[in-house]
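These notes are about the structure you will find just below.
The values are calculated or read from the model by the stated rules, or taken from the named source; none is laboratory data. These figures come from a predicted structure and were not determined experimentally. Positions of Cβ are generated from backbone atoms using ideal geometry, with glycine treated the same way; all protein chains shown enter the neighbour counts. Remember, those area values only see protein heavy atoms, side chains included, never the ligands or the DNA or RNA. Shrake-Rupley method; radii C 1.70, N 1.55, O 1.52, S 1.80 Å.
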Amino acid sequence: MPGMRIGILSDTHDQVARTRSATVLLLEAGAEALVHCGDVTTPEVVAEVVGAPTYFVFGNCDYDLDALRLAMRRTGATCLERGGVIELGDRRIAVVHGDSARDYLRLEADAPDYILSGHTHVRRDVREGPTRHVNPGALHRASTFTVGLLDLAADEYVSLTVPR
């Protein structure tokens, strides 16, 4: 699916209603896959990230990993544990929370097209060498709640604001 658009969210923590709003926003904007960059915190949040193929990584605030894995299995999501590489739209996309330099550097060494991360609660979109680094921001503890939509064919990224 070369023209694929992916919705990116991170640091939802336990914000169930806001995560639901963010997911709807991304799907209405055309997201054909959803990627969550960690700090999900509760299975109830996992249940809101549905409607397209979904990928999750764990963050430093994800404590009950067994409950989160079970929730992911129930929704049909793919669990990438602490980080991994997926292929979508003919692109290699590394996903990591961003709290572990070791995990980040391990994925970066693989020279993916994109590295998606979270952790800082701050939006970021920069290209370093062949890799574009994207952090969609956060849905908790941020002045503006944001998610991102990445068009893989056009290599275009848009930050979307989630209403409070």
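For region 123-164, the gyration tensor built on C-alpha atoms gives an oblate shape. Its axis ratio a/c (a ≥ b ≥ c) is at least 1.5, and a/b is not larger than b/c. Highest-first packing order for the peptide set 23-34, 86-97 is 86-97, 23-34, based on the mean count of other beta carbon atoms within 10 Å. Quick check on the chain: take the gyration tensor over C-alpha atoms, sort the square-rooted eigenvalues as a ≥ b ≥ c, and tell me if it's rounded (a/c under 1.5), prolate or oblate. Taking the square roots of the gyration eigenvalues as a ≥ b ≥ c, the chain is rounded. Taking all Cα pairs closer than 8 Å and separated by 6 or more residues, the relative contact order of the chain comes to 26 percent. Looking at region 1-148, the DSSP beta bridges with both ends there are about 45 percent antiparallel.
Residues in the chain average 44 Å² of solvent-accessible surface per residue, probe 1.4 Å, ligands and nucleic acids excluded.
Each Lys and Arg Cβ is given +1 and each Asp and Glu Cβ -1; about its Cα centre, region 68-164 then shows a dipole of about 540 debye.
Of the chymotrypsin sites (Phe, Trp or Tyr not before Pro) found in region 63-123, the ones in coil according to DSSP and having at most 12 other Cβ atoms within 10 Å of their Cβ are Tyr63.
Sorting Thr146, Thr78, Thr120 by accessible area puts them as Thr120, Thr78, Thr146; the probe is 1.4 Å, largest comes first, and only protein heavy atoms count.
Rounded if a/c is under 1.5, else prolate if a/b is larger than b/c, else oblate: which is region 93-135, with a ≥ b ≥ c the root eigenvalues of its Cα gyration tensor? In terms of gyration-tensor shape, oblate.
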